[in-house]
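Everything on this sheet refers to the single structure shown next.
The values are calculated or read from the model by the stated rules, or taken from the named source; none is laboratory data. Given the structure is predicted, the values throughout are model-derived calculations rather than measurements. FYI the Cβ positions are ideal-geometry reconstructions off the backbone, even for glycines, and counts take in every protein chain you see.
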Amino acid sequence: MAKIKIATDWLAGCAGCHMSFLDIDERIVQLLDAVEFTSSPVTDLKHPPKEGVDIGILEGAISNTHNVEVAKQMRERARFLIAVGDCATFGGVVAMRNLCGTDAALRRAYLETESVCGGVIPDSQELGKPLEMVTGVDSVVKVDLFIPGCPPRADAFFYALSELLAGRTPVVLPPELFLYD
Amino acid sequence: MEIVTLTITINGQTIKAPFGSTILQAARQAGIDIPTLCNHPALVPVGACRVCLVEVKGQRNLQPACTFPVVDGMEVQTETPALVKARKFVIDMLFSQRNHFCMFCEMSGKCELQDLGYRYGIDHWIYSTYTKRFPVDATSPYFLLDHNRCVLCSRCLRACDELPVNRTLGLGQRGADSMICADGIAPLGSSTCISCGSCVQVCPTGALFEKHSAFMGTDEKMSCTKSICSFCSIGCGMTIVTRGDQVQRIESDWEAPVNGGRLCRKGRFEPLYDGRKRLTTPLVRRNGKLAEADWDEALQIASEHIGRTDAAALGALSSGDATNEALYLFQRLFRRELGAAGAGLLRGGISRLTGMKPGKLSDLENSDLILLIGADPTKDQPVASFLIKRALDKGAKLVIVDDRENSLSPFAWQTVPSGDLDKLLVMAVQASRPVVLHGAEMTADAAKSLMQLGKKAVAIALEPAGNGCAARALGFQNGLPSGTHRLLYILLGEEKDIGENLQQAIAPDAFLIVQASYTSPLAEKAHVLLPSAIWSERDGTLTNTEGRVQRARKAREPLGESRQDWEILALLADRLGRKMGESFDDISAQTVREVQGKEI
Ligand code: SF4
Ligand code: SF4
Ligand code: SF4
Ligand code: SF4
Ligand code: FES
């Protein structure tokens, strides 16, 4: 049987969700029998393969134009898209920026911080442009499964993947794995 | 009155419900769960949140179960797909109204909104993230009000209105901008708030939470111990919440017969912020200075001195806040076994109005006339003042007899000087359920006049000391029994000091043994200082001002080397060759017999 292809990526997040994913520990070996990891922030391949993957996993909030592009590419190339973590599902810690506004946040971070002198707000073409509002991933692409948690428990990742491998599509996580924090 | 029972069906199950109950009450009685948010069992329901929606056959719209009364034959559904959809909509709206990012919220893991989110699988938000920033009011010394987490359920303001009857909280602004506010506009810290903490205890979210226990862990990491507050003679039931050996917070016990969910600042917050220095090891005077000793040495010195002092020269004085067991052992050891002239109380007990019906605090609720005489419960027995104000809400009239300023005066129908009692007696005779609440300042003349009321009125004494009622029953006298005391044993407990008059009554050359929890000017003077456990560290019974005997339980072990009062006394008695009892249970049983057998 062909292996199930998985791609992962992170948007505006802290990488904690990926860490938590790796916390499934030796069970990852068991997964590798049935699964092939393609692109991810921790492997060499940085974009999901053109021919597509079965499962796409996104961590982090939509906070700038680059995040939008990455999310859209993942959506186009993944048959089933999972948003993991509070940032990808609700906006999370990143969305605290909404309370003061993007301009004020940039000024505070790059110009007004006590340790900064002669600071500039980065404005390179290479960088995505910050959006006015930070949101979860589902504001720009359709999401098939939400796994909230800050970060989600390793068991939540394992449960979701095991269900998908068994041909079942989870709609909501079981109560013991469904946590906001 | 006959209680009419109605028959209704909920989810096809036939159940009985008393006339006048709501669908929610009927369902809960039958063990059927309907989710709620703004409803709180101890508060009048208002139907504000719409989480408890149910389908009632024949009703066009979904109805809130918490306010909808049952009628005979009613058919109710509580969890149909349409209801789940409606409820999810309501919960989604609640989540998107303000900042509900749980990962940095103190209440995460013990929040009723969060529980609803879990129950209905809210794993992302349908409505956009709320971006308006609300203020945080941190001005109360004891708790925080974070408007960003508030769901406007109004539980807090109903609690403030119904439990302490203080009416500090209200609702300001409009619509989505509505905010809970104190006195219209004031910061909580400079408002009329009396820090009873009722609002904090009922808040279902992270909008109101205590500073002392904030971010100290979720409920599963905490242990709860039901106990009794001993900081005044009301004897409120409370739950001591601990993590390890740290007391995190004190909550009121909703089931407690006396206070039914109320506590005051003295009981809920102040004990957590007592900054005095604890005594943690026995101390004995060596070369004029207090020096550390072990229990063995301290008890040996104490018992030797007691043993060689004449009974007539033996003085014994105790705090009236100590447990029944401690007070029992104290008077038994000094008075009965050692033959001292008497055992005295630091703050005196008060005499009862004989010939009148002894009342219970619950009598206040249905009273139509309350005579308050010689007491200022707002200061001294705060929960009693809450109960009085509650009775006034229900139509009772308050008449205060006080020659000085009384904190309840603004609520009184009349305030009269103590010389003017006759007019009151006429009023009391005309009332149908008069209650006389009397305190330590009642004059003997006033007592005599009041007793003319006889069985017409019920009388409730407000004892000045926490356990004063038991002390009276056990035969303690007020103040230091007269005589020349060459040795004085003072059980100070947690009291601050003994007061000027007593201080002066102590002979300068008397040998002083003090049993106390904290350092104090008196403790400094002791020759032997025995460290005793505090409220959170002691087991025993307490007798409240109505004569109700209740069980206090320890929530943590006594700090350092300190020991419980009863245990110190039992050890001392042992040294003196007087056996008091086999075990705590044995002593406690003797005590309860002794206290309850007496007319209080
Ligand atoms: S109040 Fe409740 S729902 Fe809101 S952030 Fe705190 S824990 Fe989460
Ligand atoms: S602490 Fe008590 S008095 Fe103060 S606002 Fe809350 S309920 Fe009202
Ligand atoms: S502060 Fe708490 S109790 Fe008061 S309305 Fe807001 S959520 Fe309800
Ligand atoms: S009224 Fe008295 S017993 Fe009740 S909480 Fe206050 S101090 Fe404690
Ligand atoms: S619980 Fe019934 S409307 Fe809020």
Conditions: (1) away from chain B (no Cβ under 11 Å); (2) in contact with a Phe, Trp or Tyr (Cβ under 9 Å, 6 or more places away or on another chain). A:T89 meets all but one. Number of the miss?
(1)
Tally, over region B:101-118, of residues that are within 11 Å of chain A (Cβ to nearest Cβ), within 25 Å of A:V171 (Cα to Cα) and touching a helix residue (DSSP H, G or I) at 6+ places or on another chain (Cβ under 8 Å):
10
Only one of B:C52, B:C38, B:C66 is within 30 Å of A:V93 (Cβ to Cβ) and either within 16 Å of ligand 2 (Cβ to nearest atom) or touching a residue at least 12 places away in the same chain (Cβ under 8 Å) (or both). Can you tell me which?
B:C38
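Residues are listed down the side, and each one gets a yes or a no for (1) away from ligand 3 (no atom under 16 Å from the Cβ); (2) at pLDDT 95 or above:
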| residue | (1), (2) |
| --- | --- |
| B:I34 | yes, yes |
| B:L37 | no, yes |
| B:P45 | no, yes |
| B:V51 | no, yes |
| B:V54 | yes, yes |
| B:L83 | yes, yes |
| B:F95 | no, no |
| B:E106 | no, no |
Enumeration of residues in region B:138-155 that are more than 23 Å from the chain's Cα centre (by Cα) and near ligand 3 (Cβ under 10 Å from one of its atoms)
B:D146, B:H147, B:R149, B:C150, B:V151, B:L152, B:C153, B:S154
Of all residues in region A:127-156, count the ones that are of a type in the set (A, V, I, L, M, F, W, C), in a strand (DSSP E or B) and under 30 Å from A:R168 (Cβ atoms).
3
Tell me which of these B:I234 doesn't satisfy, since it passes every other one: (1) assigned to a loop (DSSP other than H, G, I, E, B); (2) closer than 24 Å to B:V151 by Cα; (3) away from ligand 1 (no atom under 16 Å from the Cβ).
(2)
If I filter region B:167-194 down to residues being surrounded by 20 or more Cβ atoms within 10 Å (Cβ to Cβ) and within 26 Å of B:P271 (Cβ to Cβ), which single residue comes out as nearest to ligand 4 (Cβ to nearest atom)?
B:C193
Could we say that A:D123 is closer than 29 Å to B:F134 by Cβ and either under 17 Å from the mean Cα position of the chain (by Cα) or not in a helix (DSSP H, G or I) (or both) here?
no
I'd like to know if region B:218-227 contains one or more residues that are among the β-branched types (V, I, T) and part of a strand (DSSP E or B).
yes
Output the strands (runs of 3 or more DSSP E) that fall wholly within region B:497-600 and possess 2 or more residues being in contact with a Gly (Cβ under 7 Å, 6 or more places away or on another chain) and within 23 Å of B:P481 (Cα to Cα), or say none.
none
Give the residue that is nearest to the other protein chains (Cβ to nearest Cβ), with candidates limited to residues of region A:44-86 that are of a type in the set (G, A, S) and over 17 Å from A:P130 (Cβ atoms).
A:A83
